[in-house]
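Below you'll find the structure, written out as structure tokens, and then a few comments.
The values are calculated or read from the model by the stated rules, or taken from the named source; none is laboratory data. Model, not experiment: these values are computed from the prediction. Virtual Cβ from ideal backbone geometry, glycine too; neighbours counted across all protein chains shown. For the accessible areas, the whole protein counts, side chains as well, though only heavy atoms, and no ligand, DNA or RNA atoms are used. Shrake-Rupley method; radii C 1.70, N 1.55, O 1.52, S 1.80 Å.
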Amino acid sequence: MEDPVGFPVVRLPDLAWGSEAWTLVELEVPAPAGDGELVTLLQVEVTGLDLDGRPLAFPEAVLKLPDIPAQTWEALLPAPLTLRRWNEVQAGLMLQQARESVRRGDWATVESILTEAKARF
């Protein structure tokens, strides 16, 4: 979904007090120049409604990272919490595929998905 200006809009579920919601974003990062300059990769605005229906707006957030050589970038380890969330999304997709295969009676695909899930998770 896009807003009138053409930017993507992501709607998150209602949140209980103290809870969290995640949105997985895949970014195409330009080839590095390796000059260390800060590069803006993502800019987000978060808005919502409070329990009384009044609008809320949180300050704009910008993700900037230094432009580092490709070799350095590839050597970075993923953040453990982000990796866990990514695995949760992948597991959910595999479950969805398994359910669809069960509905079709495609037990060979179900078995294949379960074998892959056991190996990955």
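Against the empirical curve 2.2 N^0.38 Å, the C-alpha radius of gyration of the chain lands at a ratio of 1.45. Taking all protein chains into account, the per residue accessible area for the chain stands at 87 Å² (1.4 Å probe). Ranked by solvent-accessible area (1.4 Å probe, protein heavy atoms only, all chains present), the residues SER101, SER19 order from largest to smallest as SER19, SER101. Only protein atoms count toward the accessible area here, which uses a 1.4 Å probe; on segment 13-121, the carbon and sulfur part of that area reaches 58 percent. Note on SER19 and LEU77: with the Förster distance fixed at 22 Å, the Cβ-Cβ geometry gives a FRET efficiency of about 0.20. With the charge dipole of the chain set up from +1 on Lys and Arg Cβ and -1 on Asp and Glu Cβ about the Cα centre, the Cα lying farthest toward the positive end among the listed residues SER101, PRO13, LEU51 is that of SER101. Our estimate of slack between LEU93 and ALA33, defined as 0.36 nm per intervening residue step minus the Cα-Cα distance, is 18.0 nm.
Checking the a/c ratio against 1.5 first, then a/b against b/c, what shape does the Cα gyration tensor give for segment 48-101? Since a/c reaches 1.5 but b/c is at least a/b, the shape of segment 48-101 is classed as oblate.
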